[in-house]
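Novice: Supplied in structure tokens, the structure appears directly below.
None of the figures in this text is laboratory data; all of them are computed from the coordinates on show. Because the structure is predicted, anything quoted here is derived from the model rather than measured. As a convention, Cβ positions derive from the backbone with ideal geometry for all residues, glycine included, and neighbour counts pool all protein chains shown.
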Number of protein chains: 2
Amino acid sequence: MELMLKEIPRYECLLEGARRYPELDPSAMEAFLHLLRTSSDLFDTFGRMLAGHAISKGRFVVLVLLNRDPETPVSPADLADWANVTRATMTGLIDTLERDGLVRRENAPNDRRMMLVRITAKGRKFLEGILPEFFRGIAAVMGRLTTVDRKGLVGLMAKIQQNLPARPE
Amino acid sequence: MELMLKEIPRYECLLEGARRYPELDPSAMEAFLHLLRTSSDLFDTFGRMLAGHAISKGRFVVLVLLNRDPETPVSPADLADWANVTRATMTGLIDTLERDGLVRRENAPNDRRMMLVRITAKGRKFLEGILPEFFRGIAAVMGRLTTVDRKGLVGLMAKIQQNLPARPE
DNA sequence: TCGGAATAGTTAGGCGCCTTACGATCAGGC
DNA sequence: GCCTGATCGTAAGGCGCCTAACTATTCCGA
């Protein structure tokens, strides 16, 4: 989702657009575009930061999920569910992580269909080398927002979520 | 950028994480995650809507850009700049749009390196079949936000933008 | 008990976007 | 006039994610 307009149209242009298209609500569109522009930049910034550590966003998320409880291995299906990707995609993510020695696949003891994925010591060490910078980056980017701002932002997001069509199944 | 955690961790988990990682600012992280979760859902929703019209986000943006002034053709380089993709990517987007008869390539009169891209009548008609639904969708999703909410959201996004590292060149 | 349905993970192929490298053309200083 | 460098659009190849189809295993009702 890295694609967005580089420049958000000025408000007068939105007003003019509303004359051609009566369905266009200028203030809704303005808020929408700023929201997407900013979050796209955020994705981009952190994706770039992770790329500097030679890891993709998808693989980073997998490591974070496994690192929540490093001793307990997790099935690829659960990882796919939590990370919001398909199981096919998760296979590929685990493939490269395992090739790089950051995670290890094991056979599940009670179900021979199932695998279990465990983060390795190397994987933990690798993650420890990223997380502090990652957390500092988030704190920095949110630095100008007061406590009230932050709560307000969460509330606005909740209002939008209420009007989003439910995800398929 | 469709990848995100499906469930945002509860605030207590963020607090616990802050014990392990002193760089983790829980309220900043909470706001960050809600922002990305919601905008990811928005991208997803509108991407799905566009897919229902058999067009990708990238091609849709190109049509919208050309439709701002349908009589004036635009160079691929300008389109790439405005749409925030590389020129190589723009070549591919224009290829399919032209194959489907929605835009037409012309030679620039004064510079034989340059092409000019123009939206066709078919392209305009196609876009008119999407835009009303698109605009209605945005108005709907922002429907619960008051005028004050919307201005506030734009202001919060501006605060975040100020702390984002400048884009490369 | 046994045969169909559900579920596990994987494979194959596609799409969208990227980076890199290219040939063609224009612009400016000598 | 020309060489150098910038800029045009394009081609080739890579990455991340997707859907659809497959094999192996487990579950469950007749």
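Novice: From the list B:Arg87, B:Arg136, exactly one residue is away from every other protein chain (no Cβ under 11 Å), on the phi < 0 side of the Ramachandran plot and of a type outside the set (Gly, Ala, Ser). Which is it?
Specialist: Exactly one of B:Arg87, B:Arg136 is away from every other protein chain (no Cβ under 11 Å), on the phi < 0 side of the Ramachandran plot and of a type outside the set (Gly, Ala, Ser), namely B:Arg87.
Novice: Sort out which residues of the stretch A:7-61 are of a type in the set (Gly, Ala, Ser) and closer than 24 Å to B:His34 by Cα, and write them in order of number.
Specialist: Residues satisfying the conditions are A:Ser27, A:Ala28, A:Ala31, A:Ser39, A:Ser40, A:Gly47, A:Ala51, A:Ser56, A:Gly58.
Novice: Can you run down the residue pairs with Cβ atoms below 6 Å, 6 or more apart or on separate chains, where the first is in the stretch B:100-127 and within 14 Å of another protein chain (Cβ to nearest Cβ) and in contact (Cβ under 8 Å) with a residue 12 or more places away in the chain and the partner is within 14 Å of DNA strand C (Cβ to nearest atom) and in a helix (DSSP H, G or I)?
Specialist: Close Cβ pairs (under 6 Å, with a partner that is within 14 Å of DNA strand C (Cβ to nearest atom) and in a helix (DSSP H, G or I)) amount to B:Leu127/B:Leu63.
Novice: Within the bounds of the stretch A:141-156, is there any residue that is of a type in the set (S, T, N, Q) and within 13 Å of chain B (Cβ to nearest Cβ)?
Specialist: Yes, the conditions are met somewhere in the stretch A:141-156.
Novice: Pick from A:Ala139, A:Ala158: which is more than 16 Å from DNA strand C (Cβ to nearest atom), within 25 Å of B:Tyr11 (Cβ to Cβ), surrounded by 15 or more Cβ atoms within 10 Å (Cβ to Cβ) and small (Gly, Ala, Ser)? Give the derivation first.
Specialist: Working: A:Ala158 fails: surrounded by 15 or more Cβ atoms within 10 Å (Cβ to Cβ).
Just a single option satisfies the conditions, and that option is A:Ala139.
Novice: With within 7 Å of DNA strand C (Cβ to nearest atom) and either closer than 19 Å to B:Lys6 by Cα or in contact with a Pro (Cβ under 6 Å, 6 or more places away or on another chain) (or both) as the only criterion, which of A:Ala77, A:Ala83 stands out?
Specialist: None of the other options fit; the residue is A:Ala77.
Novice: Being exposed (fewer than 13 other Cβ atoms within 10 Å of the Cβ), over 30 Å from B:Ile8 (Cα atoms) and within 15 Å of DNA strand C (Cβ to nearest atom) narrows it down to one residue among B:Asp100, B:Asp69, B:Asp111; which is it?
Specialist: B:Asp111
Novice: Return the residues of the stretch B:65-81 that are more than 8 Å from DNA strand D (Cβ to nearest atom) and either outside any helix (DSSP H, G or I) or in contact (Cβ under 8 Å) with a residue 40 or more places away in the chain (or both); say none if nothing qualifies.
Specialist: The answer is B:Leu66, B:Asn67, B:Arg68, B:Asp69, B:Pro70, B:Glu71, B:Thr72, B:Pro73, B:Val74.
Novice: Right, here's the next one. What residue, of B:Thr89, B:Thr120, is surrounded by fewer than 20 Cβ atoms within 10 Å (Cβ to Cβ) and within 16 Å of DNA strand D (Cβ to nearest atom)?
Specialist: Unique residue meeting the criteria: B:Thr89.
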